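Encoded as structure tokens, the structure appears first; notes follow it.
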Amino acid sequence: MSGTAEVQVRPGVEADLKALTTLYNHYVRETPITFDTEPFAPEERRPWLLSHSEDGPHRLRVATDADSQEILGYATSSPYRAKPAYATSVETTVYVAPGAGGRGIGSLLYTSLFDALAGEDLHRAYAGIAQPNEASARLHARFGFRHVGTYREVGRKFGRYWDVAWYEKPL
């Protein structure tokens, strides 16, 4: 991948399911960034993909290489919690493809996501970042998130416990 290739950001579509699942499964297998512990088949991820629409508070934005159309990353806004009073809060996340980091793709994705959410009835965005993850903490700080607390040893993966730092951003 060339560091100078043009990147396009667009809404995610059903045709992206296999590539998005492959990208996510890298983080499931190789990192503590997600607390899922078993890789998914694309069909298992279909409900997740379909829960993000082109409008409304729950979005999926996908970054692609303009030439190859290879998926370089994605960002989502998802329900923070299921109870009705949480409806004006979302949890956001960004995943960048292995080898595509350091190119500003996370920033492009979050810019697109927050622009898309600007007209929605939302009050706060939250992000949980498994520790340590300085790149993610820096990205979230650039977008106005502030650290509000850390859950200590909240998840166990790869035979050890991991902390999750929580960040919030007014919308």
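The values are calculated or read from the model by the stated rules, or taken from the named source; none is laboratory data. These figures come from a predicted structure and were not determined experimentally. All Cβ positions, glycine included, derive from the backbone under ideal geometry; neighbour counts span all protein chains shown. Surface areas here come from the heavy atoms of the whole protein model, side chains and all, with no ligands, DNA or RNA. Shrake-Rupley method; radii C 1.70, N 1.55, O 1.52, S 1.80 Å.
The Cα center of the stretch 21-68 and the Cα center of the stretch 93-118 differ in position by 13 Å. For the chain, relative contact order (Cα pairs under 8 Å, six or more residues apart, normalised by length) works out to 20 percent. Need one word for the stretch 12-155: rounded, prolate or oblate. Basis is the Cα gyration tensor (sqrt eigenvalues a ≥ b ≥ c); a/c below 1.5 gives rounded, then a/b vs b/c decides. Because its axes are fairly even, with a/c under 1.5, the stretch 12-155 counts as rounded.
Between Ser107, Ser51, Ser78, the GNM of the chain built on Cα springs shorter than 10 angstrom shows Ser51 fluctuating the most. Carbon-plus-sulfur accessible fraction, the chain (probe radius 1.4 Å, protein heavy atoms only): 50%. Of the GluC sites (Glu not before Pro) found in the stretch 107-156, those that fall in a DSSP loop while having at most 16 other beta-carbon atoms within 10 Å are Glu120. The mean accessible area for residues of the stretch 17-168, using a 1.4 Å probe and ignoring ligands and nucleic acids, is 52 Å² per residue.
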